[in-house]
Amino acid sequence: MLVDPACGDLPKCTEVIHELQDRVLEAIAEQKAEVEQSQELIAGQGVSKIHNDEVIMTCGMCPLVLAFLTKAAKQRKFHVFVAECAPKYDGHPMAKALCSAGIQTTLIQDSAVFPIMSRVNKVIIGTRTVVSNGGIKTFVGAASLASAAKFYSVPLYVCTPTYKFSLMGCEEISHESSTSIIPKGTKFPLSVNAALTKLDYVPPENVTSFITNNRGIAPSYVYRQLSELYHPASFDF
């Protein structure tokens, strides 16, 4: 074990190190408990957010949203439209899981999101990350879904645990290989480029509220949540 020579008193230094270790282990245990309990706490809010005979729209395969809707379905009857999220079609397993839970479900093409949105009461989606300005990085296809929701004044709720709140900005969206959308053996002219983004960015003005394990949070108050999660030296608002 390395000890700072400036400490002088070895027993005292050892005591300080043990105290630091205890605090670190306590913080890790607290974070672990939050991660384990967050899904149950968020899913439990489904009954208060969804009412009978409502029409819900979602996209992609998100276990948290699935748990949220499944929990609500125990006391509510509603209909869910699931956008398929091409080209990976993450919406297919989501629609299958919802059907297995006894929820009336309709799988739709991404191009059908806009015309169907006028019938929708709420949009509920998950996210990969909540960025510092209150926007989100989430499933490909969510950006167009959010734009349609805003056009028709349909509220969009994002189910997310607070540990997904990040100081990350929205500037960079990574891309992945286009081989997943171009069939093997297909040849294109060299002048043709195929781009496939890993995630969509949804700006904060298209998000109504975040449903978290602590409380509902508006995008404009994300900065306050970040101030509770991160040390002041980590950012500068």
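Projecting the Cα atoms of Ile116, Val82, Leu66 onto the charge dipole of the stretch 41-228 (Cβ charges, centred on the Cα centre) puts Leu66 farthest toward the positive pole. The ranking of Cys62, Cys13 from fewest to most other beta carbons within 10 Å of each one's beta carbon is Cys13, Cys62. Working from label points 7 Å from Cα in the Cα-to-Cβ sense, the Glu15 to Lys77 distance is 6.9 nm. Note on His51/Arg128: beta-carbon distance plugged into 1/(1 + (r/R0)^6) with R0 of 30 Å gives a FRET efficiency of 0.60. Each Lys and Arg adds +1 at its Cβ and each Asp and Glu adds -1 at its Cβ; summed about the Cα centre, the stretch 1-137 shows a dipole of about 1000 debye. The trypsin sites (Lys or Arg not before Pro) of the stretch 107-149 that meet both conditions, a loop assignment by DSSP and at most 13 other Cβ atoms within 10 Å of the site Cβ, are Arg119.
Between their Cα atoms, which of Lys32/Lys74; Lys49/Lys71; Lys77/Lys137; Lys96/Lys164 are more than 23 Å away from each other? Listed pairs above 23 Å: Lys32/Lys74; Lys77/Lys137; Lys96/Lys164. The shape of the stretch 41-228 comes out oblate: with a ≥ b ≥ c from the C-alpha gyration tensor, a/c is at least 1.5 while a/b does not beat b/c. Only Lys, Arg, Asp and Glu carry charge here, each on its Cβ (+1 for the first two, -1 for the last two); on that basis the stretch 41-228 has a dipole of about 440 debye about its Cα centre.
None of the figures in this text is laboratory data; all of them are computed from the coordinates on show. This structure is a prediction, so every number in the text was calculated from the model and none was measured. Virtual Cβ from ideal backbone geometry, glycine too; neighbours counted across all protein chains shown.
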